[in-house]
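Each remark here refers to the structure printed beneath this line.
The values are calculated or read from the model by the stated rules, or taken from the named source; none is laboratory data. All figures in this text were calculated on a predicted structure; none of them were measured in a lab. Don't worry about glycine lacking a Cβ; one is built from the backbone with ideal geometry, like all the others, and counts go over all protein chains shown. For accessibility, only protein heavy atoms count, side chains too; no ligands or nucleic acids. Shrake-Rupley method; radii C 1.70, N 1.55, O 1.52, S 1.80 Å.
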Amino acid sequence: QLGDLLFLVLDHGVDSISEGGPLVPFVVSDVEGRTLNRFVAEPYEKSVAEAKASVSKLPSNASLYALAYDGFITVDGKKYDAIIVHGAERGMGKAYMVAQRYSPSLNGAPLKPIGNPAFIGREDALFNSQL
């Protein structure tokens, strides 16, 4: 279930900026059904921080979450724009991170994905407690 959610959220993130514009950070959580919440703040980093903080406040019956935001990753010494998704299943302890590199939409041309989505690492899950 987590893998499906990670790639669903990654695809939604890419689609959200396919015609340009910044990605508004968002969290999809599974609490008796899926919900999507977006976080808008200035500067952008504050909206990402608010999205992460919201995960720690999810109720104990939240089984999964995936958070998407726009960022950068470095591959072979080159920095790329990327949609980054951080997600976990309650009780796992660690979250999985996946990313999709892209070339931004320019002069009316749509965003161009670069390569395939990739696993980029693991971090601590953002759930407040691992039940």
> Does residue 58 fit the bill of being under 20 Å from residue 1 (Cα atoms), open to solvent by less than 70 Å² (accessible area, probe 1.4 Å) and touching a helix residue (DSSP H, G or I) at 6+ places or on another chain (Cβ under 9 Å)?
Replying inline: no
Among (1) open to solvent by less than 70 Å² (accessible area, probe 1.4 Å); (2) farther than 18 Å from residue 25 by Cα; (3) acidic (Asp, Glu), residue 70 falls short only on (2)
Within the stretch 43-68, the residues that are in contact with a Lys or Arg (Cβ under 9 Å, 6 or more places away or on another chain) and among the hydroxyl-bearing types (Ser, Thr, Tyr) are 47, 60, 63, 65
Within the stretch 89-100, of all residues that are open to solvent by less than 50 Å² (accessible area, probe 1.4 Å) and in a strand (DSSP E or B), the one farthest from residue 75 (Cα to Cα) is 95
Checked the stretch 101-120 for anything within 30 Å of residue 61 (Cβ to Cβ) and either touching a His at 6+ places or on another chain (Cβ under 8 Å) or surrounded by 13 or more Cβ atoms within 10 Å (Cβ to Cβ) (or both); matches are 117, 120
Checked 120, 84 against criteria (among the β-branched types (Val, Ile, Thr) and in contact with a helix residue (DSSP H, G or I) (Cβ under 9 Å, 6 or more places away or on another chain)); the one match is 84
Of the residues in the stretch 1-50, those that are exposed (fewer than 13 other Cβ atoms within 10 Å of the Cβ) and assigned to a helix (DSSP H, G or I) number 4
